[in-house]
């Protein structure tokens, strides 16, 4: 009984720790997402009419860029409401 | 192994000079590969060869090669598309792969196909020949072939710096979350690809600047002269050393100093007399050029 209680307590502490760490990394993750968006924009700027890197360099990178392209697409979808996006990331209510 | 590029305006005589030079080298028992980088090839016409083969052995020491850039481009896109389909399986559900397939037929990109071909040649054929001679496309395309690796390296440098920051940031996040207890650097496919592209293009840039012997073929025609002046300026901007000028269709009666005319005094000038091309159909030209370049087969 005592051991079970200690194990549950340990799990609660672990969850608490995980939650704290996740909160601590939220901002960093947002920054990372923005950097990935900038990277994708630089590589595929010709998609949005800005002259950029030689297109064969972009084409060479294309097979490795699935995640970045998904971020690029999602960011562009939210581009009309950037403030809401920022507030939701920063957990403003 | 030495490499020679004969550049200049269309019609200046690049192909004839390059062929004559290759022929002469082979007569001196140098194992020579003569390559046309111009999509509108005419090496086989010069050597009177009527064949659909892209490679041909002229004599025991001379081979010519007219690469099919359309095929190189097609193969390249095909290979890349296979890779792309591997990571975007879901595209097939919407039949989008059909659209991707049309990329293979996109126009242009001959300059990139030429760069792909050049990289392959320098990797695979260097050890098989004493000399590789390139007959080049007209000025505009050749300048793009010269400048693309340098422009790409500039961009790739910037992308690598940004990518390294992204990888570091990812590392920090996984460190805080204790996902990566040993703090090992994770592989990043994009960074690896960028580093590989950087190595390839810097290698080509180094080759252009330090190993390639670039000659400008010019004649007294006003338009050819003006284009040659612009070409020489651009080569200087790209930091590519001009090895010499080939004064084609030279007339002994006219006292013209081609190096002064082209604004590059002191650059070696090799004169090819007008009638010599017509008279010596077996391409026994440019003996002087070989001697002055110090090419001796010991």
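Quick notes on this one:
- Relative intensity of segment A:26-90 on a log10 scale, I(q)/I(0) at q = 0.13, 0.15, 0.21, 0.22 Å⁻¹, equals -0.38, -0.50, -0.88, -0.94, per a Debye sum over C-alpha point scatterers of equal strength in the absence of solvent.
- Relative contact order for segment A:26-90, counting Cα pairs under 8 Å that sit 6 or more residues apart, in percent: 42
- Neighbour-count order for B:194, B:34, A:6, fewest beta carbons within 10 angstrom listed first: A:6, B:194, B:34
- Cα shape, segment B:140-229, gyration tensor, a/c 1.5 rule: prolate
- Order of A:62, B:231, B:223, B:159 under a 10 Å beta carbon neighbour criterion, fewest first: B:223, A:62, B:159, B:231
- Computed extension gain for residue B:257 through residue B:78, at 0.36 nm per residue and net of the alpha carbon distance, reaches 59.4 nm.
- Sorting A:64, B:264 by the number of Cβ atoms found within 10 Å of their own Cβ, with the fewest placed first, yields A:64, B:264.
- Taking the longest Cα principal axis of chain A as reference, the axis of helix A:66-77 is set at about 80 degrees.
- Using alpha-carbon coordinates, inclination of helix A:2-43 to the longest axis of chain A, degrees: 10
- Using the Cβ-Cβ distance between residue B:48 and residue B:189 with R0 = 45 Å, the FRET efficiency computed as 1/(1 + (r/R0)^6) comes to roughly 0.35.
- Largest to smallest principal axis extent of the C-alpha atoms in segment B:14-89, angstrom: 56, 22, 21
- Taking the centroid of alpha carbons for each part, segment B:23-87 and segment B:233-252 are 25 Å apart.
- Choice from A:68, A:36, A:60 with maximal GNM fluctuation in chain A (Cα, 10 Å cutoff): A:60
Every number here is computed from the coordinates shown, using simple stated rules; none is lab data. Note that this is a predicted model, so its numbers are computed, not measured. We place every Cβ from the backbone using ideal geometry, glycine too, and count neighbours over all the protein chains shown.
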